[in-house]
Amino acid sequence: MKRPVAVAVGMAACTGPASDTGTVVDTARTDTDGAAVVRPPLTQPAAAVDVDPDPHVLETTLTAAPAAVLVGDATVDGYAYNGQVPGPTLRAEVGDLLVVHLVNDLDVPTTIHWHGAGAPYPMDGVPWQRSPVMPGGEQTYTFRVEHAGTFWYHPHFDTQHQVDLGLYGVLVVTDPDEPAYDHDLVLVLDAWGEALAEGEDADDHPHGLEGTALTWTVNGAVDPVLTLPAGDTARLRWVDASNTGYVALQGDGLTLLAGDQGVVTAPRDGEPVVLAPGDRAEHALGVAADLDVLASPFSLHGGATWGAPWRVLTVAAEGEGAPSLPAWSVPVTPPSPDPGTTTVTYTLQGDPHTGQWRINHEAFPDVTIAEVPEGERVVVEVRNLSPTHHPFHGHGHAFEVLAIDGTAPPIKTVEDTIDVPVRGIVRLAYTATRPGDWMQHCHILPHADGGMMTVLRVTPPPEPP
Ligand code: C2O
Ligand code: CU
């Protein structure tokens, strides 16, 4: 497992430039005893090993097993795919076939869900569709990737604990028509909680969510440094794999390219991008000078909040050079009009004190299954009546955001995970093209575990596997 060297957890201003060897020594960063420490490099999770010679087939094995996960200077008794957290990065092109053998070396059952990637129902990784992979067992997931974007994979069995302990990885689907960058990088954010020194479950702390109470890692490293040659361009693919943590990312020179479902935005400069658990976003970066990527405090109890931003990572520019970002010719599509009718309404209720979370007053699995026929245009209204935000995630179909609190987005916006603010109302639409019993749930995993999940059935029911 490629792990950063141990560093202490703590916040300090960045004053250290890249040295000419490329090793960044930030003398202003100190550990808890006041000693200067070297910040870890940002590494890329090792890529999945493709055993199929066909360039349009990615066949690989992911073995889920217990692992000692180093988070800063603490070790967590976690889980990992192929011994690494994040797990191997799967890279494929639109139209490629994925063949992924999941081997379960845990002593509990597990599955893989392909978050956002549009896997058909038999490959969705929900345990009632096909039985989970039992300890010592193996199962194969196979499907074609049809959309470019940054997706991720994680278990959908005891999800809260298994994701928390380190079972997740990134699936990057590229489109050969998209412009190329010198570096195409995944940056997986995770938050580890106060209990981590004790080796307990890490970020299940619904109240310790204000950034400072948690240790955030990027690809497993605390406050890392990404050294890139000045003049180069990079595409940064962010994934928020934390159970409960929000980040509002910002940095000079970051241009927002995409949300959950690939390039759907007109490139936008400068605004913070809020990632809720399960969310993704992509930035373009031209490397010119050292750059701190910061996260502003963002509370799930109400959004942007007081407090100084904290540093997620530093991009250190090595040498000199003036980057020129590739031009995107992304057509700016206006949002679809809201038909004003609603197929399914989900109200979100809950109580942080009891940990009971509900959709339409029902707790999974005792839920009413909404049914829609294949081919129907589905309009979903999600109303948040609870005192916290909820990132609403739908399996099976990505959705277009019609409106948030009555306002349509400026351009067509397709997502699979959408943050619903406190007392907010979000309207979503998609065409039901895939039969199946599709989970709809909050991606704050303790909320999902506390009952905030339901099922939308697209009929006819698919054949049993
Ligand atoms: Cu990423 Cu049902 O989840
Ligand atoms: Cu929630």
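Where a number appears in this text, it was derived from the coordinates with a stated rule and is not lab data. As the structure is a prediction and not an experimental result, all values here were calculated from the model. Methodologically, a virtual Cβ is constructed for each residue, glycine included, from the backbone with ideal geometry; neighbour enumeration extends over all protein chains shown.
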### Cα lying deepest toward the dipole's positive end in the chain, options VAL85, THR341, VAL100, charges on Cβ
THR341
### Task
Filter the chymotrypsin sites (Phe, Trp or Tyr not before Pro) in the range 221-312 down to the DSSP loop ones having no more than 15 other Cβ atoms within 10 Å, then list what survives.
TRP306
### Query
Which value at 222 nm does the chain reach when only helices count, each DSSP H run of 4 or more adding -39,500 (n - 2.57), with the total divided by all residues and rounded to the nearest 500 deg cm²/dmol?
-500 deg cm²/dmol
### Query
Between the range 445-462 and the range 379-437, how many Å separate their Cα centres?
15
### Task
Could you work out the per residue convex hull volume over the alpha carbons of the range 344-459, in cubic angstrom?
82
### Message
Order 110-119, 281-290, 396-405 from most to least packed using the mean count of other Cβ atoms within 10 Å.
### Response
110-119, 281-290, 396-405
### Percent antiparallel among DSSP beta bridges (both partners in the chain, rounded to 5)
70
### Task
Go through the range 391-401 residue by residue and turn each phi into a ³J(HN,Hα) via Karplus (6.51, -1.76, 1.60, θ = phi - 60°); whole Hz please, and just put x for glycine and proline.
x, 7, 10, x, 7, x, 9, 6, 10, 8, 7
### Task
Find how many whole Å separate the alpha carbon centroid of the range 40-57 from the alpha carbon centroid of the range 337-373.
38
### Task
Identify, among GLY125, HIS397, GLY136, the residue whose Cα sits farthest towards the positive end of the charge dipole of the chain, taking +1 on the Cβ of Lys and Arg and -1 on the Cβ of Asp and Glu, with the dipole about the Cα centre.
HIS397
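Specify whether the C-alpha gyration tensor of the chain places it in the rounded, prolate or oblate class, a ≥ b ≥ c being the square roots of the eigenvalues: rounded for a/c under 1.5, otherwise prolate if a/b is larger than b/c and oblate if not.
rounded
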#### Entry: For the range 72-204: rounded, prolate or oblate by the Cα gyration tensor [a/c cutoff 1.5]
oblate
### Message
Below 8 Å, C-alpha to C-alpha, sequence gap of six or more: please give me the relative contact order for the chain in percent.
### Response
13
### Message
Give me MET453, MET134 sorted ascending by neighbouring Cβ count inside 10 Å, so fewest comes first.
### Response
MET134, MET453
